[in-house]
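First the structure, which I've put down as structure tokens, then a few questions once you've had a look.
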Amino acid sequence: MPFWLRLPGNLMTPMNACYPLFSIEEARFYETSILENDSGRTATAMEAAGRAIGAQILADYEEIRPWPASPLIWVLGGKGLNTGDALVACERLHETLPGLRVKLVTTAPEEDWNPLAKEVLDRLGTRLGEAFGTCPAEAFVAADPEGGDVVIDGLYGLGFRPPLKEPVAALLKAVNQRGDIRMRVAVDIPSGIGETADENCFRADFTCIPGVAKAPAFAPAHAGAVGRIRFLEIEPFLRQEGKAAAGQTLVASPSLYQEINTIRPAGSDKRSFGHGLVLAGSPGMPGAAIMAVMGALGAGAGLVTGLVPASVSGGAAGVLPEAMWQPMPIRTGGGLDVGTVGLVSELSGKASAILIGPGLNTDRSTSFVVCRIVRETPLPVVLDASALTHEVVSAILGRRLDAAPVVLTPHRGECARLLGKNEDPDDEAALLRFCQKYRVVMVLKGSPTLVCDKERCIRVPAGGPVLARGGSGDILAGMLLTLLGQEPGDALRAALRAVTWHGAAADSLARESGAVAVRTTDLIGHLSTSLRN
């Protein structure tokens, strides 16, 4: 079975791939086919998985606070390789945190353990000495020990089928009820979740999935237990090149955006990197236009022109002097005047793409003007926020068949309105039908974000709750405008680049300042940080 996909027209490495989303049975079959029941290959995969999980935990904990001098990690262990992954993760943590303490809660006697996991257990015990300890699950539940900085769930792998049995059920229930654990991490998939879930399944803040993406972790019904997904690319699962079938659900590499980070040609000038038009803003919502232009500039556009009401343009120029600010005609109520159509037509000759929507009024005059621009402009188009209406989307069908691509960026509520009352945004078949009908690429913002074209849906587990604030979508739309303008022939790739980059910048911001006391515009400074790290 193919494992990773080269996107069309792109020289992508395996670390910049999209991976098929497997059922539990498919994942088990695929892992077996790669590891070939070879203990050496299995050990290599376990070490790679564990080290990747440890590195991820090191980074994600920074969202809460700096690491203390002597952090305590609880590991919930069974007898299989998932426990081995968790213990290797602790070894990786100890390399950076020499004061680390690890307590293993066991649900199986050591004589029943997988030999590879037992080897790591012995190795970690020797390494940590008195800072390492074990206790049976029953003792943990009865003793009510001190809370931990992190709990790592390494109990079950792909073989779990509900219901949970004792002592695991009591252990997970006790852990889930505790309020003195700062961060909860599941290895591969939270224990208690298979194709269906037990009511006492482990409830994770993060689920680290090394190598092979498993469908139950991405199921909307399990989102509350899975938390935020961290898909980790590891050896030896980066070797087989393949081609995914049309309609197959995929998972984007979290590092896909890194292909943007190249040396720019020596002979470049500002016209080499696109000229984006941003048709946005209104007297009551000027900030949306400013943040969209910030996103476009931050993503590397050579030129950006903001088309905004005259009452907005002067203040916007003071905030962002790098952009050109073009006043556009508006009606008394704040809606767009038909003269904006001619203005856009005049500017289109030197532009590479146009973004329409952030902060616009939603009256009839605005809808009429936006529909005309969408039908008539030859440019690639990004439609966001106020431009996501049935009338505007229907206008896409009036574009020439050879017209440049259109990308929509709805959140779930906007998507539900566009699909209609009998369709569900969680139904990928409905999303594919919509994209086929209107010839668009859709970026359905959420956790995870879903990027769809007429052939496939790609899940992008990037970013986090730091993005759950007004304006983050405006910045994403501006970034997409730049990337689509720089490569208009591949709207799907532009969308994936923008979403993965936006998510990586959000993670960078949260690790520096937390997810609570920050502003949306703080994200801009982390576009460079995330791209260069």
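The values are calculated or read from the model by the stated rules, or taken from the named source; none is laboratory data. Values in this document were obtained by computation on a predicted structure and should not be read as measured data. Note that we place each Cβ from the backbone using ideal geometry, even for glycine, and neighbour counts take in every protein chain shown. Heads up: the accessible areas ignore ligands, DNA and RNA and are worked out on the full protein's heavy atoms, side chains in. Shrake-Rupley method; radii C 1.70, N 1.55, O 1.52, S 1.80 Å.
Would you kindly derive the ³J(HN,Hα) couplings of the stretch 333-338 from the backbone phi angles with the Karplus curve 6.51 cos²θ - 1.76 cosθ + 1.60 (θ = phi - 60°), listing them in order in whole Hz, with x for Gly and Pro?
x, x, x, 6, 8, 4
Starting from the amide H of residue 462, placed 1.01 Å from N in the peptide plane, find each other amide H under 5 Å away whose residue is 5 or more places distant or on another chain.
449
Compare the Cα positions of 23, 97, 86 along the charge dipole of the stretch 16-104 (+1 at Cβ of Lys, Arg; -1 at Cβ of Asp, Glu; about the Cα centre) and return the one farthest towards the positive end.
Of the candidates, 97 comes out farthest on the positive side.
Skip the ligands, DNA and RNA, and give the accessible area per residue of the chain with a 1.4 Å probe, whole Å². Mind dumping the intermediate values first?
Numbers: 21190 Å² over 533 residues.
Here the per-residue accessible area is 40 Å².
In the structure displayed, which of 421/454; 103/214; 165/454; 350/437; 350/445 lie more than 32 Å apart, Cα to Cα?
Long pairs (Cα-Cα over 32 Å): 165/454.
Can you list the HN-Hα couplings for the stretch 385-390, worked out from phi with the Karplus curve (6.51, -1.76, 1.60; θ = phi - 60°), rounded to whole Hz and with x for Gly and Pro?
6, 5, 7, 8, 10, 4
For residue 382, which sequence-distant residues (separation of 5 or more, or a different chain) have an amide H within less than 5 Å of its own amide H, given hydrogens modelled in the peptide plane?
354, 355, 356, 407
Let me ask something additional. Restricting to bridges with both residues inside the stretch 270-369, how much of the DSSP beta-bridge set is antiparallel, in percent to the nearest 5?
5
Among 482, 261, 124, flag the residue with its Cα farthest along the positive direction of the charge dipole of the chain, charges on Cβ as +1 for Lys/Arg and -1 for Asp/Glu.
Positive-end residue among those listed: 482.
Taking every DSSP beta bridge with both residues inside the stretch 404-533, roughly what % is antiparallel (nearest 5)? Don't skip to the end; give the middle numbers.
Working: 7 of 10 bridges.
Percent antiparallel among DSSP bridges in the stretch 404-533 is about 70.
Further, regarding this structure: Once amide H atoms are placed 1.01 Å from N in the peptide plane, what residues at a sequence separation of 5 or more from residue 231, or on another chain, have their amide H within under 5 Å of its amide H?
Counting only residues 5 or more places away or on other chains, the set is 209.
Could the peptides 456-467, 285-296, 486-497 be put in order, highest first, of the mean number of other beta-carbon atoms found within 10 Å of their residues?
285-296, 456-467, 486-497
Using θ = phi - 60° and the Karplus relation 6.51 cos²θ - 1.76 cosθ + 1.60, list the HN-Hα couplings for the stretch 150-160 in order, rounded to whole Hz, with x at every Gly or Pro.
9, 10, 10, 8, x, 5, 10, x, 7, x, 6
While we're looking at this one, here's another question. Please report the carbon-and-sulfur percent of the accessible area for the chain; probe 1.4 Å, protein heavy atoms only, DNA, RNA and ligands left out. Mind showing how you got there, number by number?
Details: 11070 of 21190 Å².
Answer for the chain: carbon and sulfur cover 52 percent of the accessible area.
Right, here's the next one. May I ask for the net charge around residue 25, where only other residues with Cβ less than 14 Å from the Cβ of residue 25 are counted and Lys, Arg are +1 while Asp, Glu are -1?
After counting each charged neighbour, the total is 0.
Counting just the Cα atoms, what span does the chain cover along each of its three principal axes? Round to the nearest Å and put the largest first.
79, 51, 45
May I pose another question? Can you order the peptides 150-157, 176-183 by their average number of other Cβ atoms within 10 Å per residue, highest first?
Details: 150-157: 27.4, 176-183: 12.9.
Top to bottom by mean Cβ count within 10 Å: 150-157, 176-183.
Hey, got the dipole for the chain? About the Cα centre, +1 on K and R Cβ, -1 on D and E Cβ, debye to the nearest 20?
Roughly 1560 debye, rounded to the nearest 20.
Return the percentage of antiparallel bridges among DSSP beta bridges fully within the chain, rounded to the nearest 5 %.
DSSP beta bridges in the chain are roughly 20 percent antiparallel.
Over the stretch 139-188, what relative contact order in percent results from Cα pairs under 8 Å that are six or more residues apart?
Working: 34 pairs, mean separation 32.6, N = 50.
Across the stretch 139-188, relative contact order equals 65 percent.
Which order do peptides 63-71, 340-348 fall in by mean Cβ count within 10 Å, highest first?
The peptides rank, most packed first, as 340-348, 63-71.
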